[in-house]
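Note sheet for the following structure.
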Amino acid sequence: MALTTVELTARIGTEIRTDIDTLVSGRHAAEIRELLQQRGVLVLRGLHLDKDQQLAFSRTLGKVQPQGEGGIFKITIDPRESPGAEYLKGSFFWHIDGASDDVPNFAATLNAKTLSRTGGSTYFANTYAAYDELSDEDKTTCDPLRVVHSFEFAQRFVNPEPGSAELAFWQTRTPKVHPLVWKHKSGRKSLVLGATAEYVEGMDMAQGRALLTRLREWSTQPQFVYRHDWQPGDLLIWDNTGTMHRVDAYPLEEGRLMHRTTIEAEEELA
């Protein structure tokens, strides 16, 4: 079957229409990777991939991180399904995956298994486009800045008053310093923002946080954002190096469950 595409918004999001055999064959892998980096988010409706098919497709895009069950990680806030469920509530806030690690991952796939009746829509913001449309003055200001990203800072959005044991666990994740502007090998630039962004190195704390807040508001304007309202069996892929994302909160009892694969990083932040 041929692979066809439909743009979902002007700046971010493309739907791919194809069948499972074509997708997992890898014949279009280079095309899909290029499209992913240009459009930020790719959507394939109603495929209902099983675990092996999701993994096979993911491996056509790059090296899959050994998470969860053979590379499949369960995304749910139900602690019976995921031991890290409580920390996944941080995904209710704008973030880049792995921003509190040395290098954020390249991309991820998310496969809808069980949906909630309320909430659960996922939003993606194109941080390439957001940077490109900054004023020249803002670009000059932002280009040399470096930002401290902290797992603890992000978790305080979820639990502002942790106990001492919880805090000690958060603090086992050492804060990382990343450039505010990611200068990619391709020559393009994107903003590195999100809930982990605690403060700007060398800048007054209040001024730095005001700048980070203003940039987050700028980057998440409607013209830079794609909202995905899930249907059963949807597969979604995003370029984690050029987007932020968040999910609408949803009730625990509605059993929302996604299967995720993560594609390892291929370039360091510079």
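Here the Gaussian network model covers the chain, with springs between Cα atoms less than 10 Å apart; of G68, G187, G13, G187 fluctuates the most. Taking M244, M258, M203 in turn, the Gaussian network model of the chain (Cα-Cα springs below 10 Å) assigns the largest fluctuation to M203.
Non-local lysine pairs in segment 28-138, meaning eight or more places apart or on different chains, with alpha-carbon distances under 17 Å, amount to 5. Extension gain for E86-Q223 works out to 46.2 nm (0.36 nm per residue, less the C-alpha to C-alpha distance).
In terms of accessible area, using a 1.4 Å probe and ignoring ligands and nucleic acids, R39, R156, R80 rank largest first as R80, R156, R39. For segment 16-84, the per residue solvent-accessible surface stands at 50 Å², with DNA, RNA and ligands left out and a 1.4 Å probe. Between segment 219-241 and segment 195-214, how many Å separate their Cα centres? For segment 219-241 versus segment 195-214, the Cα centre distance is 26 Å.
Gain on full extension, evaluated as 0.36 nm per residue between Q67 and T22 minus their Cα-Cα distance, stands at 13.6 nm. Annotation: per residue accessible area for segment 123-162 equals 45 Å², rounded to a whole number [probe 1.4 Å, protein chains only].
Can you give the Rg to Rh ratio of segment 216-267, both from alpha-carbon atoms, with Rh computed by the Kirkwood formula? Walk me through the numbers on the way to the answer.
On the way: Rg = 13.6 Å, Rh = 13.8 Å.
For segment 216-267, the value is 0.99.
Of all aspartates and glutamates in the structure, the ones whose alpha carbon falls short of 18 Å from that of K185, not counting any fewer than 8 places away in one chain, are E34, D102, D132, D143, D239, E264, E266, E267, E268.
With a 1.4 Å probe and every protein chain kept in, tell me what percent of the accessible surface of segment 47-187 is carbon plus sulfur.
After summing per-atom areas, the C and S share lands at 51 percent.
Each label point was placed 7 Å from the Cα along the Cα-to-Cβ direction; for D138 and R45 their separation is 3.3 nm.
The values are calculated or read from the model by the stated rules, or taken from the named source; none is laboratory data. Computed from a prediction, not measured in an experiment: that's the story for all the values here. Virtual Cβ from ideal backbone geometry, glycine too; neighbours counted across all protein chains shown. Please note that ligands, DNA and RNA were not included when accessible areas were found on the heavy atoms of the full protein model with its side chains. Shrake-Rupley method; radii C 1.70, N 1.55, O 1.52, S 1.80 Å.
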